[in-house]
Amino acid sequence: MNRTSFLTLQAVVFVALVVSWARLTPAEHDEVTKLVTGTAPVPRIDVPRERGHRMTPLYDEPEVVSDADLAVVLERVRPRFDRTFLRPNHVEHALRTWGVDATFEDPACLSGEEMTEVLTNHGQFMLSWATAKQPPRPLLIDEPGGVAIRWSKRGDTSVHHDHWLASLTEAGVRLDRPVFTPAREQTIEDVLQLALRDFRLDEREVEWSAMAFGLWLPPETKSWRTADGRRMSFDLIARRLMRGHQKYGTCVGTHRVYSLMLLWNLDQQYDVLAERTAADVYAHLEFVRDVITASQHEEGYWHADWMDGAIALEHPSAEPEHRKIIATGHHLEWLAYAPKELHPPREQILKAAKWIVESIRAEDDQTLRDRYTFYSHVGTALAAWRGTRPNDFWQEWRKSHPYEPKSDAAEYGPSGGVQLGGDPE
């Protein structure tokens, strides 16, 4: 066979292979790839955004919280952290509150960029823990299909599954933001892709996965296939969030409500839920509205047993006092994005906001350090009730209220001591 004939035959075989490949189903593509390479292919999910979607608050209510009161709250939840032994959970909460673009005149405060670096750069994270007697394991884990985030109840890890991803997403991080693991440079998209592929409905916590996926994927992507071939959708996630008693959800069940409110709002814009599912989500939120209407205490707060309705008032909870902050702050947060039809009576919202402003104003610095994660939600909730975000309000407020350095070294974030036990939230 001469050279020309050989090349012609090669071309014919190549074309035949291309045609045959094009006729294969996606499942057959995976089988062929597995046979040729010896490894299962990793499905890639289309992510249509450079930054995640951001929910828009529906109200600007000075009666709920005045400018002065909001400024007091935000001053107390600034990320005024000791830069040693930075706990990922505290940084994640601070970052979702203030955003990646946050800046502060007070040098004791971490900027949004500094917080993002701690969470996305292995070197910066380890630098914070350089003087620890026992250095932590890496926060960022290299996996064949992307980047995983170490999470546990330890203070040197993220505390909840996909909380790292949801917090950075809400903070406004770009999809192509570099993520430096111990071995290589990847991106936020590599974290997201692995989270999408590894997601399971039977996980104990799906609240933050629901948020992250909902903020990144619509409108183009409403369902996807996981690594084990299962078809996943926002319908399935919404039904998982509604399943079971509220007391089994994280943060006394309030994060389920927030995630459902987010999915319902996304559905109003992008039609991500089936009609029946959307109706069931709305009915579930109506149920929550009725329950918190019945369970609010006279002083204005909700407690950890808010889901018990009127029984919560007849038999007060024996849970720790900080649970009041968790429940009240989180409920005020999701209500800021809810239509008025899903609100309890207005006087109850006013009482809740007044109670929580007075509580954070009176709280001592040590408690704010220890319970920073809870109080950060108060900042996001009250800013949302003024139709803004903490950093936007803070920058405007500072124009007429210049920064004045204080002589004391009080820190409103986590203490510098090495605490490896997990946060309550």
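Throughout, read-outs are computed from the coordinates displayed, never taken from laboratory work. Remember, it's a predicted structure, so these values are computed and weren't measured experimentally. Positions of Cβ are generated from backbone atoms using ideal geometry, with glycine treated the same way; all protein chains shown enter the neighbour counts.
The table below lists the values:
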| quantity | calculated |
| --- | --- |
| Coil-residue trypsin sites (Lys or Arg not before Pro) of region 112-196, DSSP, other Cβ within 10 Å capped at 16 | K133, R150, K153, R184 |
| Burial ordering of S209, S233, fewest other beta-carbon atoms within 10 Å first | S233, S209 |
| Between region 296-314 and region 78-112, the alpha-carbon center distance in angstrom | 33 |
| Distance from region 206-274 to region 133-194 (C-alpha centre basis), Å | 20 |
| Inter-label distance, nm, simple model (7 Å from Cα along the C-beta direction), H343/R174 | 3.8 |
| Stretchable slack from A130 to H401, in nm (0.36 nm times residue separation minus alpha-carbon distance) | 93.8 nm |
| Computed label-point distance, nm, for sites D271 and A362 using a 7 Å Cα→Cβ extension | 5.2 |
| Dipole magnitude of region 57-137, debye to nearest 20 (Cβ charges: Lys/Arg +1, Asp/Glu -1, about Cα centre) | 800 |
| Relative contact order %, region 42-400, counting alpha carbon pairs below 8 Å whose residues are six or more apart | 23 |
| Ratio Rg/Rh, restricted to region 68-157 and using Cα atoms, in which Rh is the Kirkwood radius | 1.01 |
| Karplus (6.51, -1.76, 1.60) ³J(HN,Hα), θ = phi - 60°, over region 223-237, in Hz, Gly and Pro reported as x | 8, 7, 10, 7, 4, 8, x, 6, 7, 10, 8, 5, 4, 5, 5 |
| Among A353, F125, M307 - extreme Cα towards positive end, dipole of region 42-400, charges at beta-carbon | F125 |
